[in-house]
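Report on one structure; see the data block that follows.
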Number of protein chains: 4
Amino acid sequence: MEILKDNKPKHGGRLNLKRTLNDETGRQQRLSQIENLCGESLKSFHFSPVSAESLKGNIENFIGSVHIPVGLAGPLKFNFSESQEEVYAPLATSEGALVSSVVRGALSLTMSGGVTTRVLSNRMIRAPQFEFSNVDESIAFCRWVQNHFETLKKKTNDHSSHAVLLELDTKVFGKTAHIRFVYSTGDAAGQNMTTFVTAGLCKWILEHFPIQKGIEIRDFLIEGNLSSDKRASALSAIDGRSRSVVAEAVMQRQVLKKILRLTPEEMVSRFSRSKSSRIFTGQIGYNINVSNAIAALFLATGQDMACVHECSVGEFHIEQQGEDLYVCLYMPCLIVGTVGGGSRLTSAQDCLRMMDCLGNGKADRLAQIIAGFALALEMSTVSAIGSGDFVQAHQRLGR
Amino acid sequence: MEILKDNKPKHGGRLNLKRTLNDETGRQQRLSQIENLCGESLKSFHFSPVSAESLKGNIENFIGSVHIPVGLAGPLKFNFSESQEEVYAPLATSEGALVSSVVRGALSLTMSGGVTTRVLSNRMIRAPQFEFSNVDESIAFCRWVQNHFETLKKKTNDHSSHAVLLELDTKVFGKTAHIRFVYSTGDAAGQNMTTFVTAGLCKWILEHFPIQKGIEIRDFLIEGNLSSDKRASALSAIDGRSRSVVAEAVMQRQVLKKILRLTPEEMVSRFSRSKSSRIFTGQIGYNINVSNAIAALFLATGQDMACVHECSVGEFHIEQQGEDLYVCLYMPCLIVGTVGGGSRLTSAQDCLRMMDCLGNGKADRLAQIIAGFALALEMSTVSAIGSGDFVQAHQRLGR
Amino acid sequence: MEILKDNKPKHGGRLNLKRTLNDETGRQQRLSQIENLCGESLKSFHFSPVSAESLKGNIENFIGSVHIPVGLAGPLKFNFSESQEEVYAPLATSEGALVSSVVRGALSLTMSGGVTTRVLSNRMIRAPQFEFSNVDESIAFCRWVQNHFETLKKKTNDHSSHAVLLELDTKVFGKTAHIRFVYSTGDAAGQNMTTFVTAGLCKWILEHFPIQKGIEIRDFLIEGNLSSDKRASALSAIDGRSRSVVAEAVMQRQVLKKILRLTPEEMVSRFSRSKSSRIFTGQIGYNINVSNAIAALFLATGQDMACVHECSVGEFHIEQQGEDLYVCLYMPCLIVGTVGGGSRLTSAQDCLRMMDCLGNGKADRLAQIIAGFALALEMSTVSAIGSGDFVQAHQRLGR
Amino acid sequence: MEILKDNKPKHGGRLNLKRTLNDETGRQQRLSQIENLCGESLKSFHFSPVSAESLKGNIENFIGSVHIPVGLAGPLKFNFSESQEEVYAPLATSEGALVSSVVRGALSLTMSGGVTTRVLSNRMIRAPQFEFSNVDESIAFCRWVQNHFETLKKKTNDHSSHAVLLELDTKVFGKTAHIRFVYSTGDAAGQNMTTFVTAGLCKWILEHFPIQKGIEIRDFLIEGNLSSDKRASALSAIDGRSRSVVAEAVMQRQVLKKILRLTPEEMVSRFSRSKSSRIFTGQIGYNINVSNAIAALFLATGQDMACVHECSVGEFHIEQQGEDLYVCLYMPCLIVGTVGGGSRLTSAQDCLRMMDCLGNGKADRLAQIIAGFALALEMSTVSAIGSGDFVQAHQRLGR
């Protein structure tokens, strides 16, 4: 590969990574070189439970795998649109107390009748940037693109059988025009899919707009950073990115008191009071620790772990409802796939199987299960903090 | 464990998780039950490369491990304070093209003379919340706590041999007082350590303040959500959380053109133009995709993956410097540990060994290496987007 | 007025405000009482250049006026869509150096060929909140409302001859549904207009939805805080609120050097460098001091001064363009009216007249003029800071 | 003035503003010219209640004044640290219903025992930016500056008799160093004062640092945008800017029901529910409409109206307290002056006199009064929205 041709040993300390060898031999060679270089035997890498050949499209310069322990949490009763089910979830984590905490929260939700989850929208986004001579040209361009929505929607089929163009959102910043292409992407997370499709659509735009309107496109970037891909943002919190999911439940007073050791009144006063701390933190969304649940479930199911950054934005809300407690977690941007990407890893496939989430037609289910377990963890943690159990649980389990 | 006593089978669909069995027998029993429940053979879990016994403190309800492929990236030349070194980094990821992209960016930095990294600060935070009758009492409380800083600093030793109390930051919100306890935590990430220490210090405060000042503390939470633990926030971006690290480099014009295919002028105009998109996204910090590098290095080295959410905040900056390009990445909150937590996993230990980052005295080094590789990825991605290589690379490697 | 009936003197220190007297007699009585109470002669209020009777709908408990000095700035050449004009603007301010600074910036823009301004959108928003029993009901409600967009659009005419319903944006947060009603409001700022219209439309919704769908609306608020009315927000920065305006110009190198004392290269390196400070401030949008221009022009022209908070969000961008400097200011939420509200004040009418901005059909023009002068101030201030003139100018003019 | 020399008539449409004439003659000449240009008689400007000569330091190119009506609101009972008082406030506004709403809220607070207000801190900030060759130099610079805090604190006296240097906060962004100089500024708002003092201190730094450390300072800006001057920001919300003020009260159930027409339970459930809308708006701080109160009181008392942008950030909180309602408003950045700036305007002086807030030693009082009245308005508006009075009140008073 041309751009890597300088990546050859120039002195004793450099490895010869031979990236072209995507097989066990290549893996062994690379591993042995890095062992020599660092002067250590890297025993956990000697045996690879995963074959190099099976990882095409997932990794380059493969040297072996890290093994992350998985704990089983549940049952958590889900009230889906079509069915009610108790679900167990595999949580991949090395943080002691996390699985126990989720189990406790799930128990409290299940005993109260379960969690209701719904997918509100599904929007994956790619946002190229176009450069013109002045603002009138960028306005003209945005209008033209908007007027060609139906054409672009049809052309999407030329590039993908899964992506559906839902919306074109245009932003003019002086002579620069940003177009947010919003797609549904079936059961794939869809970042790559939308990149390729958008590149294809932009090729068509770059050809046809200048001819039709006589305006030169002076520069073009496939992404002007407006998709907010890989970055937590107010935009994604507001508009949603990938799946927006809501999880709600009515926690029974007796269950709260028995399992979570607080009354609804105590929960409300303590939590709402802490919520005012938001002016001192400036966070996007408010929750206690949804990132813990997101990370553990993403890791188990082969999701892109970089997305933990953007996907862990969520708003957690509680309020008294009669004698009981209404609780709600809104997750605006859960980027999950049950096909493609890391979901092809064999251990990820097994974790998806455990929850009946593997393959086509399952991404909505997976997103809802993640949101439900995230709510379970929120309930457990917020009550542990409120009741004083938090410190003890971590001393017992997390040291 | 009392709170789990209801977690027994109530009907056929429920597992008997027997959480007390933290051994291979328990693991097999749980695995076999979930296989029965989901009706699938979960083959990747049958053999566990990690023993249940070794995972005490890292997981509950252990059923096996997921295996995430690791690719080797580098060399990247680091100009540390004390030495210059070429470093190879293990990236755990299932996202194709990521390792290649980091390799390309690292090459461009290395050929330009390497990346200079520095740790600017090291602050782990726990922030309890205290409730009083009115604002005068909460003000009096904050003053009293501030006046006892030296006492509290000494008492920190009673609870930890690693934590050092650096600062007490008090926030009054009416009758509620928040105290941010800021610690250095040696080479541990330190979230649990600071929880235990702060709990100990608060015990002392809860006893002594009411007696000395005659003011009742009406409520107390070990965390009022002001530590911003597990949540990306403007506060952590501004003040830093755990290690704040800067990585800078001067990219030579010839290297830029040859490896990254753009001139400094092209980089500056395209990147700065896209930067104005920030008003349309409302993100905290600005960068292209540091979360990719953070996630891959955190996962390889056993860091808490939930922290990818808060740790992936960063500000990436480029400017022309004479004929060349000055580049800088500021990562305000890199929470890493080279002892404790997930760094005890055997595969994590091997990954840390590869970079000479295992054990005491190595956390600063690890944080800097992560920031350096994150900058390498930024350079590669921003230039790939700018030069049009982005789509092709993902089509070639990431499908 | 019933709710004020307790507002009678209960002891010597209380005034008898007699709110019903909206005439000069009432004004004199109130003034004389407050003079007695504070024991001072409030001379500047003795003569009122504005009659109490003329202020119906603008003030209650009228006691007189404050007089804010107005300075004339310009000329600034505008390249509007339809014409090119040099405009002078009245700036109401007590901050020395502000008018001079705007004059300097306007001169530099005018000598460079003027500023191009365009209104990109016009959206005033009111966002009621509806409460249901569970998320399925709130989803059903949002769908029903969306399906009745055309009906609601027609019904808008029953309540206002100016408001046009452009869009309904629905947000589901568990059992709570928020509907953002987006209107164009002609030449009025439109906050009150959209309140009344939305109240009317909601009345219809509250009657018809329960009957048609058999779902009870358990609670209703005319505003659930999602309009972001009176509050600076990422939402308004992203989506726009009232008029979104862009102002751009190409500053000639020679003009920059002569008038603003910096080269394009110096401007770019200094400004882009400071822009990275954004990670340390967490502000919405980035600019130097547009609030100065907004406040002075809003005050002169009778705009709602509370809107200075939300309207002063803006993104200022500069980049080298050949030998010259391209500059752009994006103001996403300029809430202005040339009819109604404070534009009815006689001095405001004169200020609007000076710019040919009074009355129907003029709000787009006013918004553009404000954005243009805000850009002029940005250019002056950023260059004054960059060239070292900033301190001296304030010492000379602002003490 | 040199930079304005091109501001002479170049064609018929240009004015000859003759800025040097800071007297009535000059005013008349400018006014007459603009009347000729726009072809209108600007009658409200013919008579000026304020003399041109008295406005030196407040305005350039003076042509007259705008007259903004003032309504009297109150009484509001304040529980200051040292005294209890009922206060009436002059609100300058053209927005109908605002004064009435404040009166209603003030009544409810007063009948409940009044509002308790406290100033928590007082910090005005100027933040110069220094440029070096690399990050090691900028780190060395920040350390050196920190080590010279006492010296710089003493030198502050050479430049101002009011400013006191409280803190130096340093931020390293690669080769760029930002220093936040934090001062108390007595009873002046202090933006200009801190500019001049900081310029003086930087002159000393620019001379002494290079000599002492042998490191060249390659560039210097008096402001690198880190003071957040004139811009609403998370930083100012977190750290405070100028005066941070808290206002709290316990609203009695009977008063709430009678005056504000809601029970504490209704207030809590409706308000806390709407608070979750924050994830959809991304605003800094949460409140209903404090900007209305800030703008009206700032305008009456001669404050810098551009500061309405940054000063209107606030966090409003309510919670049930037994049978009653605890309410709290935190205003982190109230920038007010009772000497200097616009407080010298004669009508501003009268408004300050009404509240016993004129002159030295009064800025803390003014800041507290503003926060108290802002809380009164919050109570009135949130309850009007909650009880359905909001629409009616605006229809009655604000059309």
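Those residues that are free of Cβ contacts under 8 Å to residues at least 60 places away in the same chain, open to solvent by 10 Å² or more (accessible area, probe 1.4 Å) and farther than 27 Å from residue B:112 by Cα, I need them from the range B:301-324; list them, please.
Matches in the range B:301-324: B:305 only.
From the list C:108, C:160, which residue is of a type in the set (Gly, Ala, Ser) and open to solvent by 10 Å² or more (accessible area, probe 1.4 Å)? Don't jump to the end; show me each part of the working.
Values: C:108 fails: open to solvent by 10 Å² or more (accessible area, probe 1.4 Å).
Within the list C:108, C:160, the selection yields C:160.
Can you tell me how many residues within the range C:196-241 are in a strand (DSSP E or B) and over 15 Å from the mean Cα position of the chain (by Cα)?
To start, the set of residues in the range C:196-241 that are in a strand (DSSP E or B) comprises C:219-221, C:233.
Narrowing the set further to residues that are over 15 Å from the mean Cα position of the chain (by Cα) leaves C:219-221.
The number of residues fulfilling the criteria is 3.
Residue check, residue C:68 against (1) outside any loop (DSSP other than H, G, I, E, B); (2) facing chain D (nearest Cβ under 7 Å); (3) without any contact (Cβ under 8 Å) to a residue 60 or more places away in the chain, all met but one. Which one?
Residue C:68 satisfies every listed condition except (3).
Exactly one condition in (1) open to solvent by 30 Å² or more (accessible area, probe 1.4 Å); (2) modelled with pLDDT of 95 or more is not met by residue B:388; state its number.
Looking at each condition in turn, residue B:388 falls short on (2).
I'd like to check something: does the range B:325-338 contain any residue that is among the hydroxyl-bearing types (Ser, Thr, Tyr), open to solvent by 10 Å² or more (accessible area, probe 1.4 Å) and touching a residue at least 60 places away in the same chain (Cβ under 8 Å)?
Residues of the range B:325-338 that are among the hydroxyl-bearing types (Ser, Thr, Tyr), as a first pass: B:326, B:330, B:338.
From what's left, open to solvent by 10 Å² or more (accessible area, probe 1.4 Å): B:330.
Retained after the next criterion (residues that are touching a residue at least 60 places away in the same chain (Cβ under 8 Å)): B:330.
So far as the range B:325-338 goes, yes, one or more of its residues are among the hydroxyl-bearing types (Ser, Thr, Tyr), open to solvent by 10 Å² or more (accessible area, probe 1.4 Å) and touching a residue at least 60 places away in the same chain (Cβ under 8 Å).
Go through the range D:53-65 and give me each residue that's open to solvent by less than 10 Å² (accessible area, probe 1.4 Å), modelled with pLDDT under 95 and either more than 7 Å from chain C (Cβ to nearest Cβ) or part of a strand (DSSP E or B) (or both).
None - no residue of the range D:53-65 is open to solvent by less than 10 Å² (accessible area, probe 1.4 Å), modelled with pLDDT under 95 and either more than 7 Å from chain C (Cβ to nearest Cβ) or part of a strand (DSSP E or B) (or both), so the list stays empty.
Only residues that are among the charged types (D, E, K, R) and modelled with pLDDT of 95 or more: list them for the range B:258-279, please.
Pass one, the range B:258-279, residues among the charged types (D, E, K, R): B:258, B:261, B:265-266, B:270, B:273, B:275, B:278.
Selection gives B:258 alone.
With the requirement that a residue be more than 7 Å from chain B (Cβ to nearest Cβ), not polar (S, T, N, Q) and not in a loop (DSSP other than H, G, I, E, B), what does the range A:75-89 give you?
As a first pass, look at the range A:75-89 and keep what is more than 7 Å from chain B (Cβ to nearest Cβ): A:76-85, A:87, A:89.
Now drop any that are not not polar (S, T, N, Q), which leaves A:76-78, A:80, A:82, A:85, A:87, A:89.
Result: A:76, A:77, A:78, A:85, A:87, A:89.
Report yes if residue B:117 is β-branched (Val, Ile, Thr) and open to solvent by 20 Å² or more (accessible area, probe 1.4 Å), otherwise no.
Numbers: β-branched (Val, Ile, Thr): yes; open to solvent by 20 Å² or more (accessible area, probe 1.4 Å): no.
No: the conditions fail for residue B:117.
Restricting to the range B:120-139, name every residue that is more than 24 Å from the chain's Cα centre (by Cα), open to solvent by 30 Å² or more (accessible area, probe 1.4 Å) and touching a residue at least 24 places away in the same chain (Cβ under 8 Å).
Those that are more than 24 Å from the chain's Cα centre (by Cα), open to solvent by 30 Å² or more (accessible area, probe 1.4 Å) and touching a residue at least 24 places away in the same chain (Cβ under 8 Å): B:133, B:134, B:137.
Can you run down the residue pairs with Cβ atoms below 6 Å, 6 or more apart or on separate chains, where the first is in the range A:209-221 and within 14 Å of chain B (Cβ to nearest Cβ) and open to solvent by 100 Å² or more (accessible area, probe 1.4 Å) and the partner is of a type in the set (Asp, Glu) and not in a helix (DSSP H, G or I)?
A:218/A:131
Just for the range A:36-48: of the residues that are free of Cβ contacts under 8 Å to residues at least 24 places away in the same chain and outside any helix (DSSP H, G or I), which one is surrounded by the most Cβ atoms within 10 Å (Cβ to Cβ)? It would help to see each step written out before you state the result.
Our first condition is that a residue be free of Cβ contacts under 8 Å to residues at least 24 places away in the same chain; within the range A:36-48, this holds for A:36, A:38-47.
If we keep only those that are outside any helix (DSSP H, G or I) as well, we get A:39-42, A:46-47.
On the way: A:39: 8, A:40: 16, A:41: 11, A:42: 21, A:46: 13, A:47: 10.
The residue in question is A:42.
From the set of residues in the range A:163-180 that are open to solvent by less than 20 Å² (accessible area, probe 1.4 Å), closer than 14 Å to residue B:273 by Cα and not aliphatic (A, V, I, L, M), which is nearest to the other protein chains (Cβ to nearest Cβ)?
A:174
Going by the structure shown, is residue B:246 aliphatic (A, V, I, L, M) and surrounded by fewer than 24 Cβ atoms within 10 Å (Cβ to Cβ)? Break it down into steps so the answer makes sense when it comes.
Working: aliphatic (A, V, I, L, M): yes; surrounded by fewer than 24 Cβ atoms within 10 Å (Cβ to Cβ): no.
No: the conditions fail for residue B:246.
Looking at (1) over 20 Å from residue A:364 (Cα atoms); (2) open to solvent by 50 Å² or more (accessible area, probe 1.4 Å); (3) not in a helix (DSSP H, G or I), which is the one condition that is false for residue A:154?
Here residue A:154 meets the rest and fails (3).
Need pairs with beta-carbon distance below 8 Å; first residue closer than 17 Å to residue A:295 by Cβ and within the range B:224-247, second assigned to a loop (DSSP other than H, G, I, E, B) and among the acidic types (Asp, Glu); sequence gap 6+ or separate chains.
That search, which allows pairs on different chains as well, returns B:229/B:223.
Scan the range A:255-268 residue by residue and report those that are within 30 Å of residue B:175 (Cα to Cα) and more than 7 Å from chain B (Cβ to nearest Cβ). Walk me through how you get there before you give the answer.
The first filter runs over the range A:255-268 and keeps only residues within 30 Å of residue B:175 (Cα to Cα), leaving A:256-268.
Hits for the range A:255-268 are A:256, A:257, A:258, A:260, A:261, A:262, A:263, A:264, A:265, A:266, A:267, A:268.
Looking at the range A:281-298, which of the residues that are open to solvent by 10 Å² or more (accessible area, probe 1.4 Å) and in contact (Cβ under 8 Å) with a residue 40 or more places away in the chain is nearest to residue A:341 (Cα to Cα)?
Restricting to residues being open to solvent by 10 Å² or more (accessible area, probe 1.4 Å) and in contact (Cβ under 8 Å) with a residue 40 or more places away in the chain, the top hit is A:292.
Take the residues in the range C:17-35 that are at pLDDT 75 or above, within 11 Å of chain D (Cβ to nearest Cβ) and assigned to a loop (DSSP other than H, G, I, E, B), then tell me which one is most open to solvent (accessible area, probe 1.4 Å).
C:22
The values are calculated or read from the model by the stated rules, or taken from the named source; none is laboratory data. Remember, it's a predicted structure, so these values are computed and weren't measured experimentally. Note that we place each Cβ from the backbone using ideal geometry, even for glycine, and neighbour counts take in every protein chain shown. What goes into the accessible areas is simple: the full protein's heavy atoms, side chains included, and nothing from ligands, DNA or RNA. Shrake-Rupley method; radii C 1.70, N 1.55, O 1.52, S 1.80 Å.
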